[in-house]
Amino acid sequence: MTIFNTPEEMQAWSQAKRAAGKRIGLVPTMGYLHAGHLSLIAEAHKRSDAVAVSIFVNPVQFGPNEDFAKYPRDEARDLALCREAGAAAVFLPPVSAMYASDASVYVTEERLGNGLCGARRPGHFRGVCTVEAKLFNIVLPHVAVFGQKDYQQAAVIRRMVRDLNFPLEVVVAPIVREPDGLAMSSRNVYLVGDERQRALGLSRALQLASEAVADGPCASESLRRRMGDVLENHALKIDYVEIVDAETLEPVAEALRGNVALIAVFCGKTRLIDNRVL
Ligand code: AMP
């Protein structure tokens with residue numbers, strides 16, 4: 001496994017792989033790896049000859065009052081996990097290698113990223129699109145694997161790849177959960193005391209939504225209220241609870257199978273998101 005810290009070295013490796021006829025798979029991450037990330041690496045192995053993992057906590061996608069500075073980091077452990085998972089390359093750049101101090105070009109998606117997390121975290125998807133566009137140009141992957149855990153992010157990136165003609169395939173892999181249902185997340189490490197137990201409200205509210213539509217359509221508003229009750233019973237502060245069309249991400253009046261329920265809450269100071277295709 002080779003570790004690269006500069007875009008130039010990473011790009012040279014990718015160009016050599018391409019020249020040798022190899023298919024490159026990319027798994028972009030912010031590090032502090034868990035089984036969710038490892039499932040993406042496994043998926044990338046199925047679809048490529050050489051897997052590159054990027055580990056970069058991207059400052060541009062964090063708001064001024066968010067957790068950029070204290071986002072969990074453990075480089076040594078992440079590298080060991082990447083090696084064990086059979087990654088051929090890890091791209092681990094410092095912020096200064098990714099953003100010139102006078103950087104002035106950003107990528108914005110103007111529809112799918114407006115609601116949900118986009119509305120709650122202004123500028124977030126601009127940061128996401130910009131860093132992914134850069135990673136695609138640096139790693140030159142044939143396929144990039146993302147997690148459904150960040151449903152809106154995956155939709156925004158798919159749209160960017162389509163609309164800007166990036167020559168790669170976007171694959172979205174299922175959410176990996178703890179045995180009790182909590183979606184794995186690097187931010188789960190922030191949960192203290194009873195917060196870990198209270199965080200189960202997210203998967204329970206999504207379970208309720210899934211069961212509700214299994215028997216037929218139901219009014220979105222009353223379903224969202226019932227999901228909200230579950231969250232509040234777990235002492236979670238709701239950021240949003242939405243039922244949306246799986247493709248357009250527009251809220252639906254009537255919840256149907258195939259729609260997506262998405263939740264963002266604060267569990268203490270920690271913002272958690274989860275979703276489920278109904
Ligand atoms: P992050 O490091 O949190 O930015 O996530 C990097 C990638 O891993 C993104 O594509 C996430 O959607 C994905 N991911 C994060 N958590 C999970 C999970 N529990 N299951 C599957 N994929 C995940």
Worksheet item: When residues of the range 17-31 are filtered for being more than 7 Å from the ligand (Cβ to nearest atom), in contact with a Ser or Thr (Cβ under 9 Å, 6 or more places away or on another chain) and not hydrophobic (A, V, I, L, M, F, W, C), how many remain?
Response: 3
Item to complete: Scan 241, 230, 170 and give me the residue that is assigned to a strand (DSSP E or B), modelled with pLDDT of 95 or more and touching a Gly at 6+ places or on another chain (Cβ under 9 Å).
Response: 241
Worksheet item: Of 220, 185, 210, which residue is within 16 Å of the ligand (Cβ to nearest atom) and among the polar types (S, T, N, Q)?
Response: 185
Worksheet entry | Matching residues, the range 162-178, being out of contact with any His (no Cβ under 9 Å at 6 or more places or on another chain) and more than 13 Å from the ligand (Cβ to nearest atom) | 162, 163, 164, 165, 166
Worksheet entry | Filter result for residue 189 (part of a helix (DSSP H, G or I) and over 24 Å from residue 52 (Cα atoms)) | yes
Response to the item:
If you go through 107, 131, the only one that is in contact (Cβ under 8 Å) with a residue 12 or more places away in the chain, assigned by TED's automatic domain parsing to the domain that holds residue 11 and touching a strand residue (DSSP E or B) at 6+ places or on another chain (Cβ under 9 Å) is 131
Practice prompt. Any chance you could count how many residues in the range 193-202 are out of contact with any strand residue (DSSP E or B) (no Cβ under 6 Å at 6 or more places or on another chain) and either at pLDDT below 95 or not basic (Lys, Arg) (or both)?
Written response: 5
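The values are calculated or read from the model by the stated rules, or taken from the named source; none is laboratory data. Since this is a predicted model, take the numbers as computed values, not measurements. Neighbour counts run over all protein chains shown; Cβ positions are idealised from the backbone, glycine included.
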